[in-house]
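Taking it in order: structure first as structure tokens, then the write-up.
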Amino acid sequence: DQDPSAWQPPLAPFRCAYAKSWVDVKFDWGLTLQQAEKTALQAMLATC
């Protein structure tokens, strides 16, 4: 129940897939990102 700014998968290799899934869900539901959430997702996606 926490967003990516507060929690990320403990194993780094899974962070890319997690971030992609998070963005897909947000897009599919038309939800916006908080700035801290966006920053965390950008960092995770940079590992892809």
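The values are calculated or read from the model by the stated rules, or taken from the named source; none is laboratory data. As the structure is a computational prediction, the values presented were derived from the model and not from experiment. Note: ideal-geometry Cβ built from the backbone for every residue, glycine included; neighbour counts use all protein chains shown. Quick note on the areas: whole protein, heavy atoms, side chains included, nothing else; ligands and nucleic acids left out. Shrake-Rupley method; radii C 1.70, N 1.55, O 1.52, S 1.80 Å.
When you scan the range 34-45, do you find a residue that is in contact with a helix residue (DSSP H, G or I) (Cβ under 6 Å, 6 or more places away or on another chain), of a type in the set (Lys, Arg) and in a helix (DSSP H, G or I), even just one? No, the range 34-45 contains no residue that is in contact with a helix residue (DSSP H, G or I) (Cβ under 6 Å, 6 or more places away or on another chain), of a type in the set (Lys, Arg) and in a helix (DSSP H, G or I). Taking the criterion of being of a type in the set (A, V, I, L, M, F, W, C), touching a residue at least 24 places away in the same chain (Cβ under 8 Å) and open to solvent by 100 Å² or more (accessible area, probe 1.4 Å), no residue of the chain qualifies.
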